[in-house]
Amino acid sequence: MEERKNILTVCCVAEEGRFGGPAHRITQVVKGLEVYGHGVKTHVVYPTGDSERFGRELAAGGIRRSALNITRLSKEKKIFLKYVIRFVPEILLLYSLFRRE
């Protein structure tokens, strides 16, 4: 009888799309999980805005990814208000992605 392996799916949601230290670390950790994390599938979700390099780095690493229209948390009043207004719809968007993936 064939043994069925349990596969753990990990989703990393990055609110900030700019490619810096945290985005670089996410990319490196996911690459490591794909290579050494036996039975681990990964998926990175990042915002569509200001994230071209992040998307390129993920694609270059062969990492499963989704660019979604999500808002980052900010002290800037305009962005904060947008975050508050869009919070529930964005959570539902993420929920539907999690269910699909």
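The mean sequence separation of alpha-carbon pairs under 8 Å and at least six residues apart, normalised by the residue count of the chain, gives a relative contact order of 26 percent.
Taking label positions 7 Å along the Cα-Cβ direction at both ILE7 and VAL35, the computed distance is 2.1 nm, reported to one decimal.
The helix-only estimate of mean residue ellipticity at 222 nm for the chain, built from DSSP H runs of length n ≥ 4 each weighted as -39500 (n - 2.57), is -16000 deg cm²/dmol after division by the residue total.
Couplings for the range 87-101, taken from phi via the Karplus curve 6.51 cos²θ - 1.76 cosθ + 1.60 with θ = phi - 60°, read 4, 5, x, 6, 5, 5, 4, 5, 4, 5, 5, 4, 5, 5, 8 Hz in order; Gly and Pro are left as x. In order along the range 10-20, the phi-based Karplus estimate (6.51 cos²θ - 1.76 cosθ + 1.60, θ = phi - 60°) of 3J(HN,Hα) comes to 10, 10, 10, 9, 9, 6, 9, x, 5, 8, x Hz; Gly and Pro are listed as x. Residues whose amide H lies under 5 Å from that of VAL13, counting only those 5 or more places away or on a different chain, are VAL45; hydrogens are built 1.01 Å from N in the peptide plane.
When both bridge partners sit in the range 8-71, DSSP labels roughly 0% of those beta bridges antiparallel. Per the Kirkwood formula applied to alpha carbons, the range 8-71 shows a radius of gyration over Rh ratio, Rg over Rh, of 0.95.
Each reported figure results from applying straightforward, stated rules to the coordinates on display, with no laboratory input. All of these numbers come straight from a predicted model, not from anything done at the bench. Virtual Cβ from ideal backbone geometry, glycine too; neighbours counted across all protein chains shown.
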